[in-house]
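Novice: Below you'll find the structure I mean.
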Amino acid sequence: MPSSSAPSNDWNAWLAENASRFLLFARQQTRCGQDAEDVLQEALVETWRRAGGRPEAALVFATIRRRAIDLGRRTDRRSQREQLGRETELFTLPPEDEDAAIQLEQALKHLPANQREVLTLKFWGGLTFVEVATTLDIPQGTAASRYRMALESLRQTLTATLT
Amino acid sequence: MNQPTPDEEIEKLLGRLTPAPPDDALMKRLKAANPDRSNIIPMLRWTGIAAAAVVALTAVMLMRPAAKKEMAKGEDAPPGPATTLPVKVPVESRQHLMEVKDLGIVQDTSGQQQPVRLIRTTWVDEIFYETEPGSAPVKEARVRQEVLPVALNSY
């Protein structure tokens, strides 16, 4: 539930707590870093206003997705050009186990987009399957099966390298 | 001891990765976009403009019955029911802002103009009419919606 008594500086605290996971999803939903930042700002401001304070995470993710689709339709050709040769760092890698983490990140990038977005929302977004399904406009069972397929695909890819 | 399932092993691996935080520039930009702060000034500005428009509309409405009376003086109005109809003279109006809805940000495709945020405001206009001098005013209310552009801060 949004907190109606949040002080005005609660915005900054909320950003500090949540911006990373929202940015990760925005980057995966857009074609370049600049688009991701624009979509992120628009979605955060919109959902905060709509909720009158801290919005539900599921609402923010759903808004990011809608805004990314809108932006993709408007700027399709431009974004495809900008995407070329640009690689955004999606994760912070642990220094003590960087090699394994890099391989994991690469494996994630090669997942089908529909599996990766479910995995991102469930694992790093902290959403339930019901919320993931609502956010992506898919049945709950589909969300759960895509999550399991993503884990299985990662397991197969990484078994040879991490064991 | 329970052995971790294959899914749990992968989830443990995934736990090594944490989403990269926004860089300083983006964080600064997001903090500056604080909706609680940026809402106030544009809303006051557009509310003022809307109020001025309503005042102008009310003034026009007040003038219309007077003009009708002037026209009636020059005519030989036949006696009958038409002359006995009450004339409603607006004597007061009140505007209540009921809802502000964010419609999103629009930007022209050429990119030459600054993007603007569109908001839809919903008002209830109450107009009080006097049918006879000194009589109790009669109230009429109607809902009015306006779509207004609000300038965005640029960074």
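The values are calculated or read from the model by the stated rules, or taken from the named source; none is laboratory data. What you are looking at is a predicted structure, and each value in this text was computed from that prediction instead of being measured. Positions of Cβ are backbone-derived with ideal geometry, glycine not excepted, and every protein chain shown enters the neighbour counts. Accessible surface areas use protein heavy atoms only, side chains included; no ligands, DNA or RNA. Shrake-Rupley method; radii C 1.70, N 1.55, O 1.52, S 1.80 Å.
Novice: When the Cα atoms of the stretch A:6-83 are enclosed in a convex hull and the volume is divided per residue, what value in Å³ results?
Specialist: Normalising the Cα hull of the stretch A:6-83 by residue number yields 76 Å³.
Novice: Work out how much length B:Lys88 to B:Ala20 would gain on full extension: take 0.36 nm times their residue separation and subtract the Cα-Cα distance, in nm to one decimal.
Specialist: Working: separation 68, 0.36 × 68 = 24.48 nm, distance 6.67 nm.
Additional length available on full extension: 17.8 nm.
Novice: Let me ask something else. Consider a paramagnetic label point 7 Å from the Cα of A:Gln34 along Cα→Cβ; state which residues of the stretch B:114-130 have an amide N under 16 Å from it.
Specialist: Within reach of a label on A:Gln34: B:114-115.
Novice: Okay, next question. If we sort A:128-137, B:3-12 on the protection proxy, mean other Cβ atoms within 10 Å, highest first, what's the order? All intermediate terms of the calculation are to be shown ahead of the outcome.
Specialist: Values: A:128-137: 17.9, B:3-12: 13.7.
By packing density, highest mean first, the sequence is A:128-137, B:3-12.
Novice: Assuming a viscosity of 1.567 mPa s and a temperature of 4 °C, what translational diffusion coefficient in µm² per second does Stokes-Einstein assign to the stretch A:88-162, Rh being the Kirkwood radius over Cα pairs?
Specialist: Stokes-Einstein gives a translational diffusion coefficient of 100 µm²/s.
Novice: Which order do the peptides B:17-25, B:128-136 take when ranked by the mean count of other beta-carbon atoms within 10 Å per residue, highest first? Don't jump to the answer; show the numbers that get you there.
Specialist: On the way: B:17-25: 15.2, B:128-136: 11.6.
The most tightly packed comes first, giving B:17-25, B:128-136.
Novice: Moving to a separate point now. Nearest 0.05, what FRET efficiency do A:Glu17 and B:Leu152 give at R0 = 25 Å with Cβ-Cβ as r?
Specialist: Values: r = 25 Å, r/R0 = 1.01.
FRET efficiency, A:Glu17 to B:Leu152: 0.50.
Novice: Chains A and B: buried accessible surface, both sides, probe 1.4 Å, rounded to 100 Å²?
Specialist: 3300
Novice: Using a 10 Å cut-off on Cβ to Cβ distances, tally the other chain neighbours for every residue of A:10-21 and report the average as a whole number. All intermediate terms of the calculation are to be shown ahead of the outcome.
Specialist: Working: counts 2, 7, 4, 0, 0, 7, 5, 0, 0, 7, 5, 3.
What the average comes to for A:10-21 is 3.
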